[in-house]
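Written below as structure tokens is the structure these notes are about.
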Amino acid sequence: MVKETKTHVTRVRTLDQLHRGDEIEARLSVGPSYDDVVIRRGRVQETAPGIGVVWIMDRHTGLRKAINTDECTVWRVA
């Protein structure tokens, strides 16, 4: 029997809250009537809070991707 594990997702308000290895999602708002859409998911590699950018190792592609917090919201997945 396999137990389902529930993921706990919390919004990251400042990049100072992130650490290397944290699992995060980047979400984009598509409109007032819709939920945010996950556009990237992966583990944090590096952050630059001064310019609002976090780099992740993208889980889907395996490539390093930059996420700009001016364009999307960041959520920690635990």
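The residues in segment 48-78 that are farther than 14 Å from residue 25 by Cβ and touching a residue at least 60 places away in the same chain (Cβ under 8 Å) can be counted, and the count is 0. Checking each residue in segment 40-78 for being modelled with pLDDT of 95 or more, in contact with a strand residue (DSSP E or B) (Cβ under 8 Å, 6 or more places away or on another chain) and aliphatic (A, V, I, L, M) picks out 44, 48, 53, 54, 56, 57, 63, 66, 67, 74, 77. Residues that are surrounded by fewer than 10 Cβ atoms within 10 Å (Cβ to Cβ) and of a type in the set (Ser, Thr, Tyr) were ranked within segment 12-46; the one that is farthest from residue 56 (Cα to Cα) is 33. Among the residues of segment 47-76, those that are in a strand (DSSP E or B), surrounded by 15 or more Cβ atoms within 10 Å (Cβ to Cβ) and not acidic (Asp, Glu) comprise 47, 53, 54, 55, 56, 65, 67, 73, 74, 75, 76.
Mind listing whichever residues of segment 9-31 are hydrophobic (A, V, I, L, M, F, W, C), modelled with pLDDT under 95 and assigned to a loop (DSSP other than H, G, I, E, B)? Selection gives 30 alone.
The values are calculated or read from the model by the stated rules, or taken from the named source; none is laboratory data. In this text, all values refer to a predicted model and were calculated from it rather than measured experimentally. For neighbour counting, all protein chains shown are included, and Cβ atoms are generated from backbone atoms with ideal geometry for every residue, glycine included.
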